[in-house]
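The values are calculated or read from the model by the stated rules, or taken from the named source; none is laboratory data. As the structure is a prediction and not an experimental result, all values here were calculated from the model. All Cβ positions, glycine included, derive from the backbone under ideal geometry; neighbour counts span all protein chains shown. Heads up: the accessible areas ignore ligands, DNA and RNA and are worked out on the full protein's heavy atoms, side chains in. Shrake-Rupley method; radii C 1.70, N 1.55, O 1.52, S 1.80 Å.
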Amino acid sequence: MAHAQAGTSEGSLDKGKVVITGGAGFIGSHTAIELCAAGYTPVVVDNFGNSDRRMLERVYELTGQRFPLHEIDCRDRAALRRMFEQEGPCFGVIHFAAHKAVGASVAQALDYYDNNLGSLISLLQVMNEVGLQNLVYSSSATVYGQSDELPVTEQTQVRPGESPYGRTKQVCESILIDTAASKVPVKAVLLRYFNPVGAHPSGRIGELPLGKPENLVPYITQTAIGLREELTVFGNDYPTRDGTCTRDYVHVVDLARAHIAALAWLDNSPENAQRGSFHEIFNVGTGAATSVLEAIQAFEKASGTKLRYRFGPRRPGDIVESYANVDKARKVLGWKAELTIFDAMRDAWKWQVGLKNDPLR
Ligand code: NAD
Ligand code: WQD
């Protein structure tokens, strides 16, 4: 029976194992690199439903470590249990595994609920069976919907979800909050990511959307490399400084480092050791709003290429403005974003160019 291992104190070389579900994905793979750099050993759990195992091969290259991989579905409780028993003592889990495409979630609502809620519930049940309490959960700023309070704080009212995907994130937050208040011992950190963008500065790993990208940055880089005809800017008649929507674009490497800060807080803060179960929510963003046009300008500056784009109609469901108040993460976790939208565009472009010469899919 695997038992939880309390974290090792600061400064020791080996901080123990951290299970990262969805660890072969965009954010998980970048976090695996930062875990190694921080002295943890990642244990990847992934069913490769939306990722390519060759991405992990590149992570092994970049870290010089072949850490454990378990190809299992997080909904499979028996397989999760076997994994924990095989791995022995772990410090905690970062739960990235989920379906995340807003548009696709409308037609595939039942699969999104089954996967996103089912994998979290199974994970929590098995963590309880093996006595593991530390969990960092991938939540999303999408839970806020269109807030009229800007910048958004962790106390900003959560609005009704705008998509089945957004609603699965809201329900998963409730599952964690209610579980932490129940007799099941869990210490849950919920990170509400704003808009993760960019790629590892090496150009060896990055975002790998299947088919036509829904998100802005991969669509920009695929247009610039010639995979897409042109970018359509979804609306330039919004009540913003240049008529296009604004977002808080956070570099994926900064985002990965926020998970390390969350683990350190779980491990080192005296009050966390004393108190029983709890949940804590943090916004993870830059605290700055960038419009679509400003993002395009940052890309053109970073890549030295002119982007083909035109203005088209608004995309249904789009919120007009979103950016984070990030004071809490700075004060409590000691984390703040260091990289800019320019850095993100530079790294996303390097990744896209590298894919052309050395495709992953
Ligand atoms: P991703 O699709 O690149 O990675 C998710 C990984 O989880 C994939 O490798 C996939 O194969 C795996 N997976 C999915 N369901 C699984 C299951 N049942 N069992 C095992 N593996 C499973 O997505 P990402 O962009 O890295 O997002 C990671 C997390 O962050 C998700 O929970 C997502 O909702 C959240 N998030 C993402 C964004 C974003 O814009 N990328 C924004 C906010 C929140
Ligand atoms: C950003 C801006 C678009 C594409 C989504 C999910 C959210 C989270 C992050 C998971 C918007 C504009 C985009 C294009 C465009 N994912 N745009 N042309 O919608 O803020 O957030 O990803 O949690 O849940 O909703 O990100 O990159 O799709 O759009 O003009 O071809 O770029 O209108 O203003 P979004 P996005």
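When nucleic acids and ligands are ignored and a 1.4 Å probe is applied, ASP327 ends up with an accessible area of around 60 Å².
Show GLU229, GLU149 ordered by accessible area, largest first, where the area counts protein heavy atoms only and the probe is 1.4 Å. Before the final figure, lay out each step's value.
On the way: GLU229 145, GLU149 80 Å².
Greatest to least solvent exposure: GLU229, GLU149.
Mind checking which aspartates and glutamates have their Cα closer than 12 Å to the Cα of LYS100? Skip sequence neighbours fewer than 8 apart in that chain. Partners within reach: ASP111, GLU214.
Every helix of 4 or more DSSP H residues in the chain counts as -39500 (n - 2.57), and over all residues that averages to -12500 deg cm²/dmol at 222 nm. Using the average count of surrounding beta-carbon atoms within 10 Å as a protection proxy, the listed peptides 348-354, 18-24, 253-259, 309-315 rank, highest first, as 18-24, 253-259, 348-354, 309-315. Taking label positions 7 Å along the Cα-Cβ direction at both GLU338 and VAL171, the computed distance is 4.0 nm, reported to one decimal.
Dipole check for segment 24-75: with +1 at the C-beta of Lys and Arg, -1 at the C-beta of Asp and Glu, and the Cα centre as origin, the magnitude is about 40 Debye. With unit charges on the beta carbon (Lys/Arg positive, Asp/Glu negative), name the residue among ALA262, GLY145, GLY354 whose Cα is farthest towards the positive pole of the charge dipole of segment 17-357. Highest projection toward the positive end goes to GLY354. In this structure segment 291-342 gives 56 Å² per residue of accessible area when probed at 1.4 Å with all protein chains present. Each label was represented as a point 7 Å from its Cα along the Cα-to-Cβ direction; for LEU110 and GLN125 these points are 2.0 nm apart. The alpha carbon centroids of segment 54-101 and segment 225-258 are separated by 31 Å.
Given 0.36 nm per residue, what is the gain on full extension from GLU300 to ARG159 after removing their alpha carbon distance, in nm?
Working: separation 141, 0.36 × 141 = 50.76 nm, distance 3.53 nm.
In short, 47.2 nm is gained.
The share of accessible area on segment 180-292 that comes from carbon and sulfur is 52 percent, using a 1.4 angstrom probe. Within straight-line reach of LYS306, meaning a Cα separation under 20 Å, sit the following lysines at least 8 residues removed in sequence or on another chain: LYS350, LYS356.
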